[in-house]
Amino acid sequence: MLNLLLFLLLLPFDSSSDIHVNIKGIEELKGSMYIAVFDDPDSFPQFGKQYREMVLPVGSKEISHTFKNLPDKAYAIAVFHDINDNGILDKNALGIPLESYGFSRNARSRFSAPRFEEAKIDLKKNLEIEINIQ
């Protein structure tokens, strides 16, 4: 009985939400889509240092995934289409990506990845975002 009472008292203070990510702009129906959620500005957008991730097979021109029960706070999301399934975002000799990628808020910088602040989304309730990869 005490456990039920504590549960009911804490219910209004639920501080987690979901982020539903819709990825558009997929041109080739092969490979995998890497989706990474970052909560640390210092690690954004370094794949391997993300808070949560999902890798999905690419079988349609649009892909969606929901990250459930994330603590309510600031996040930035990075995605890339790993067309050749080698597990990395391929780049040319100058460091320019050869595979499509995108960020939350469709943030883009000219010569580098955007800063965390440019791609930041504040999670306070369930969100649905769209990322267009290029």
Positive-end extreme of charge dipole, the range 15-132 - chosen from GLN46, ILE83, LEU123 (charges on Cβ): LEU123
The chain - mean residue ellipticity at 222 nm from DSSP helices (-39,500 (n - 2.57) per run, n ≥ 4, rounded to 500): -2500 deg cm²/dmol
Gain in span if fully extended, ASP122 to GLN134, counting 0.36 nm per residue against the direct Cα distance: 1.9 nm
Ratio of the Cα radius of gyration of the range 15-132 to 2.2 N^0.38 Å, where N counts its residues: 1.01
Unit charges on C-beta of K, R, D, E only; dipole of the chain, Debye: 200 debye
Residue-wise HN-Hα coupling along the range 33-43, computed from phi with Karplus coefficients 6.51, -1.76, 1.60 (Hz; x: Gly, Pro): 10, 9, 10, 10, 9, 10, 10, 10, x, 6, 9
Per-residue Cβ neighbour rank within 10 angstrom, fewest leading, LEU94, LEU127: LEU94, LEU127
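Any read-out appearing in this document is the output of simple, stated calculations on the displayed coordinates, not a laboratory observation. In this text the structure is predicted, and so the values were computed from the model without any measurement. A quick note on method: Cβ atoms are made from the backbone with ideal geometry, for glycine too, and the neighbour counts reach across all protein chains shown.
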